[in-house]
Amino acid sequence: MKPISLAKKIYLHFFIIGSSVFSLIGISLYLFSTNYANLAVKESMFGMSEDIQEQLSFNSNRELVYQSDNVAEKWGYDALYNNLVFRVTHGETNETLLQSTSNITSSAALQALIDNQDIPVGYSHLKGIDRYRIETEIDNVPVNIYLGRNDLLGELANEAVMPALSQVSIFIIIAAFFVFMLVGYLSIRSIVKPVKSVAAQLARVRPEQLNFRLSEQGLPVEIVPIVHSLNQAIARVETGFDEQKRFVANAAHELKTPLAILNTRVELAKLDKNTHAGILADVSYMTRVVQQLLDLSRAQSLDAYAKQSLSITPLAKEACMMLAPLSVTLNKQLELEIDENGEMFAGDQSSIHIMIKNLIENALRHSAEGALIKVHASGNSISVMDSGPGIDIQNYEKIFERFWRKEQSSMTGSGLGLAIVKEVVDLHHATLDVTCKNTLGGATFSVTFSTLNS
């Protein structure tokens, strides 16, 4: 099953939550806006009735009058008398003491107040008319104050307010939703960033760099236990690798002395010529395997590396001098070309010397009798070319495997030489190029190190 992205999963949850929340907000705003005029008028009618009560009084002729015209001007009864009216009646006789307009027939709201004497106290609605009634006393005279409003005013308010309110509400909801999703996206990136940081650090872990540990600094407390466990796992793997390398190194050291003694005894023993030569060849092979195991152990020990400014040319000269007797024994030509203009690089002298020796020795041992091996050395690069059989394309990936030989039953090589070369190249972050068929007919191995100025 395809793995699910944590970031996408969290973002989907944000999307669902955001859609739900803002949908509820939109529905609430819609319901509020559709009832906006009625809600506003209902509340305002209570306020108007209180204001009317405060402004009413009886004059010297015992007529009910306004003390001021401000209330009438404020609520606009003269301008909206057909839609918004008030009427004051005597609390006992129900006689009309005052009304906002005398034109009864032209005001549906006032007509409704006159036709219906049984209007309840408080707010009520009947036949399209909003009504409000309070019972009070003015100068110790009980009175009823009625307010009436027909639906035309509410419709006008809805027509004036609803379009603008709807547009603003839609814009605000959409804008808020996008802001919410943007904040969610940035938040998710911030949440996932430490995980990506840990993954990037894990990618740097290599078998030759098992001393590396993941940093726990700046990580969320939820991720720290995972990183801590990973560091413990890397430490256990490092311990296992170290024990393995120590075992190989110790075993090789323990075998070197017995093999040297065995070689001496065979040389001194009185054996027939064929047996004598065969035993010496076997001992020589075992000695070489042990030596290369030691070389491989050193090549893998990054902690033992002491990098310094180097040039390959003196190391190549030393390796060629060391292997010159072998080339004579095998009846092969060994040539060295030096370029003194090469640049310096940083590296461990001991491991690079081992690498060069194994490159040249590999060419000597795997080429035909009378073959030519050409070594070209510059400051930060070396190439070894031979006139041997070359490398089959199908074997290209296998030549760097430990103990792999073209003929697995062959005892001419240990199968460790190129594995040692690869270890040294990788630990120095150098470049290794292989040409399977060169101009001489054989293979070419080229190694280039990064210069000090690069």
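The figures follow:
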{"item": "Conditions (1) closer than 16 Å to SER446 by Cβ; (2) surrounded by fewer than 23 Cβ atoms within 10 Å (Cβ to Cβ); (3) within 51 Å of the chain's Cα centre (by Cα); (4) of a type outside the set (Val, Ile, Thr): number failed by LEU336", "result": "(3)"}
{"item": "Residue list for the range 428-444, restricted to those being farther than 14 Å from ASP392 by Cα and buried (at least 20 other Cβ atoms within 10 Å of the Cβ)", "result": "HIS428"}
{"item": "Extreme residue, surrounded by the most Cβ atoms within 10 Å (Cβ to Cβ), among residues of the range 167-184 that are farther than 11 Å from GLY18 by Cβ and in contact with a helix residue (DSSP H, G or I) (Cβ under 9 Å, 6 or more places away or on another chain)", "result": "SER169"}
{"item": "Odd one out for ASP295, checked against (1) modelled with pLDDT of 75 or more; (2) not assigned by TED's automatic domain parsing to the domain that holds PHE449", "result": "(1)"}
{"item": "Every pair of residues 6+ apart whose Cβ atoms lie under 8 Å, when the first sits in the range 45-71 and is farther than 20 Å from THR96 by Cβ and assigned by TED's automatic domain parsing to the domain that holds TYR123 while the second is modelled with pLDDT of 75 or more and part of a loop (DSSP other than H, G, I, E, B)", "result": "none"}
{"item": "Search result, residues across the range 367-379 that are in a loop (DSSP other than H, G, I, E, B) and under 21 Å from MET321 (Cβ atoms)", "result": "SER367, ALA371, SER378, GLY379"}
{"item": "Close pairs from the range 193-206: first of a type in the set (Ser, Thr, Tyr), partner outside any helix (DSSP H, G or I), Cβ under 6 Å, at least 6 apart", "result": "none"}
{"item": "Every pair of residues 6+ apart whose Cβ atoms lie under 6 Å, when the first sits in the range 208-234 and is part of a helix (DSSP H, G or I) while the second is not hydrophobic (A, V, I, L, M, F, W, C)", "result": "VAL224/GLU216; VAL227/GLU216; ASN231/ARG213"}
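The values are calculated or read from the model by the stated rules, or taken from the named source; none is laboratory data. Worth saying up front: this structure is predicted, and the values here are computed from it rather than measured. In this analysis, Cβ positions are derived from the backbone assuming ideal geometry, glycine residues included, and neighbour counts consider all displayed protein chains.
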